[in-house]
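For reference, the structure is listed below as C-alpha cells.
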Amino acid sequence: MSDKRPTDIVKAIKQKGQSLEAEMSFFDHLEELRWHLIRAAIGIVVFTVLAFVYYDWIFDTVIMGPKKPSFWTYRMMCELTERFHLGADFCIKSLPFKIINTELAGQFTLQLNSSLLIGLVFGFPYLLFEIWKFVKPGLTDLESRSASGFVFYSTLLFAIGIMFGYYVIAPLSVNFLANYRISPEIDNTITIDSYLSSVATLTIGAGITFELPIIIFILSKLGIMTPAFMRSSRRYATVLILIIAAIVTPTPDMLTMLTVSFPLFLLYEISILVSARVERKRQKAELDFYKRT
C-alpha cells in the first residue's frame, strides 16, 4: 500500500489544480490578445481598402507630392528665400528626374503596397487602442490613471512625426537626390519602387522616431531608464542625432541638417522630463509606503 497520507494527496491535488488554473489563465490571455490583434488588423484592412478605392487622388496628391515643384514645402522655401534673401539655391523650382516602372506588375504592386502603408498609418491609433484595452485590466488603479493618456499622446506624437517626415525630411531628401549629378550625361531615371520606398521610409521612420517620449516613459516605468542616465548621455545622444540627421537628409547644407536635428534634440529633452516625472512619482510612492509602515 502507498504510504502517502490523505493530506498529502489533497495537497497534491490542490497544487495540480492551481497549475491547471494558471495554465488556463495563460491561454485565456493569449486568446484575448488574439482577438484584440484581429480587430486591429480588421481596422487596418478597412483603411487599406479605402486607400485602394480612392487611390487616384492619393497617388497624384500625396505620393507624388514631394516630386512636384508646387508642393507646399517647396513653395514655403521660395517664400522664405524672397523674404530673408537666403539665396537662389534654397528656392526649389525644378526636380529634374523621371519616374519609371520596370516590372510587368509594378504599377499594380505599387497600388497594393502603398494602400497597405496608408492603411497601417491610419490604423496605427486603433492598434494602440486595442493594445491598451488588453493591458489595462492588468494595471492597478494608480498605474491605469498615470497611463490613461497613452493612446492619445502616442497618436499625437506619431501624427506630428508623420507630418514632419512628409513635409520636411522627405521633400528635402528628394530635392537633394534629384538634383545631385556627377555628370550632365547621366539622367536621373528613378524606379517607382525606389521613390515610394524612400518617401515611405522617411515619413514612417519619422513617425516612429517621434514616439521616443512614450518609449522612455515605458522604460522608466520598468526601471530600465533614469533621467540621470539620460542627462549623462546627452553628449552621446547629440552626436547620434547629428549622425541620424546627416543620414536621413544626405545634403551638404548645414541649415537642412539642423532643421531635421532640432526636433530630435527637443524630443530627447522632453524624454528626460518624462523620465524625471516618472522617477518623482516612484519616489513619492515609496516614501508614502514607508510612512504607512
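This table checks each residue for (1) over 30 Å from Arg181 (Cα atoms); (2) touching a Leu at 6+ places or on another chain (Cβ under 9 Å).
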position: Leu30; (1), (2): yes, no
position: Arg34; (1), (2): yes, no
position: Trp72; (1), (2): no, no
position: Thr81; (1), (2): no, no
position: Asn101; (1), (2): no, yes
position: Leu117; (1), (2): yes, yes
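Among residues of segment 65-88 that are under 10 Å from Asn175 (Cβ atoms), those with a beta-carbon under 8 Å from a residue that is hydroxyl-bearing (Ser, Thr, Tyr) at least six positions away or on a different chain give the pairs Pro66/Thr73; Pro66/Tyr166; Lys67/Tyr195; Pro69/Ser94; Thr73/Tyr167. Filtering segment 259-284 to residues that are hydroxyl-bearing (Ser, Thr, Tyr) and more than 18 Å from the chain's Cα centre (by Cα) leaves Thr259, Ser275.
Taken as a whole, the structure leaves Ser261 outside the set of residues that are of a type in the set (S, T, N, Q) and within 30 Å of Leu139 (Cβ to Cβ).
A quick yes/no check of all residues on (1) buried (at least 16 other Cβ atoms within 10 Å of the Cβ); (2) of a type outside the set (Phe, Trp, Tyr); (3) more than 30 Å from Pro69 (Cβ to Cβ):
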| position | (1), (2), (3) |
| --- | --- |
| Gln107 | no, yes, no |
| Leu112 | no, yes, no |
| Gly123 | yes, yes, yes |
| Val135 | no, yes, yes |
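If we scan segment 228-236, do we find a residue that is in contact with a Ser or Thr (Cβ under 9 Å, 6 or more places away or on another chain), under 21 Å from Ala147 (Cα atoms), at pLDDT 90 or above and assigned to a helix (DSSP H, G or I)? No, there is no match, as no residue in segment 228-236 is in contact with a Ser or Thr (Cβ under 9 Å, 6 or more places away or on another chain), under 21 Å from Ala147 (Cα atoms), at pLDDT 90 or above and assigned to a helix (DSSP H, G or I). Screening Leu116 against (1) over 26 Å from Leu267 (Cα atoms); (2) of a type outside the set (D, E, K, R); (3) without any contact (Cβ under 8 Å) to a residue 40 or more places away in the chain leaves a single unmet condition, (3).
Is one or more of the residues making up segment 242-258 at negative phi, in a helix (DSSP H, G or I) and more than 24 Å from the chain's Cα centre (by Cα)? Yes, there is a match, as at least one residue in segment 242-258 is at negative phi, in a helix (DSSP H, G or I) and more than 24 Å from the chain's Cα centre (by Cα).
Of the set (1) touching a Pro at 6+ places or on another chain (Cβ under 7 Å); (2) within 30 Å of Lys221 (Cα to Cα), all apply to Leu95 but (2).
In summary, Val53 fulfils each of the numbered conditions (1) touching a residue at least 12 places away in the same chain (Cβ under 8 Å); (2) farther than 30 Å from Ser94 by Cβ with the single exception of condition (1).
Scan segment 203-215 for residues that are β-branched (Val, Ile, Thr) and either part of a loop (DSSP other than H, G, I, E, B) or buried (at least 17 other Cβ atoms within 10 Å of the Cβ) (or both) and jot them down. Answer for segment 203-215, where residues must be β-branched (Val, Ile, Thr) and either part of a loop (DSSP other than H, G, I, E, B) or buried (at least 17 other Cβ atoms within 10 Å of the Cβ) (or both): Thr203, Ile204, Thr209, Ile214. Every condition in (1) outside any helix (DSSP H, G or I); (2) touching a residue at least 24 places away in the same chain (Cβ under 8 Å) is met by Tyr195 except one, and the failing one is (1). In segment 163-187, the qualifying residues are those that are assigned to a helix (DSSP H, G or I) and among the aromatic types (Phe, Trp, Tyr), and the one that is surrounded by the most Cβ atoms within 10 Å (Cβ to Cβ) is Tyr166.
Per the conditions (1) in contact (Cβ under 8 Å) with a residue 40 or more places away in the chain; (2) in contact with a Phe, Trp or Tyr (Cβ under 7 Å, 6 or more places away or on another chain), the sole criterion not satisfied by Ile241 is (1). Just one residue in the set Ile190, Ile160, Ile218 is out of contact with any helix residue (DSSP H, G or I) (no Cβ under 6 Å at 6 or more places or on another chain) and not in a helix (DSSP H, G or I); that residue is Ile190.
In summary, Val151 fulfils each of the numbered conditions (1) assigned to a helix (DSSP H, G or I); (2) over 27 Å from Arg34 (Cβ atoms) with the single exception of condition (2).
For Glu286, state whether it is acidic (Asp, Glu), in contact (Cβ under 8 Å) with a residue 12 or more places away in the chain and under 30 Å from Asp141 (Cβ atoms).
no
When Trp35 is tested against (1) farther than 23 Å from Tyr126 by Cβ; (2) over 22 Å from the mean Cα position of the chain (by Cα), exactly one condition is not met: (1).
The values are calculated or read from the model by the stated rules, or taken from the named source; none is laboratory data. Everything quoted here is computed from the prediction, not taken from an experiment. Positions of Cβ are backbone-derived with ideal geometry, glycine not excepted, and every protein chain shown enters the neighbour counts.
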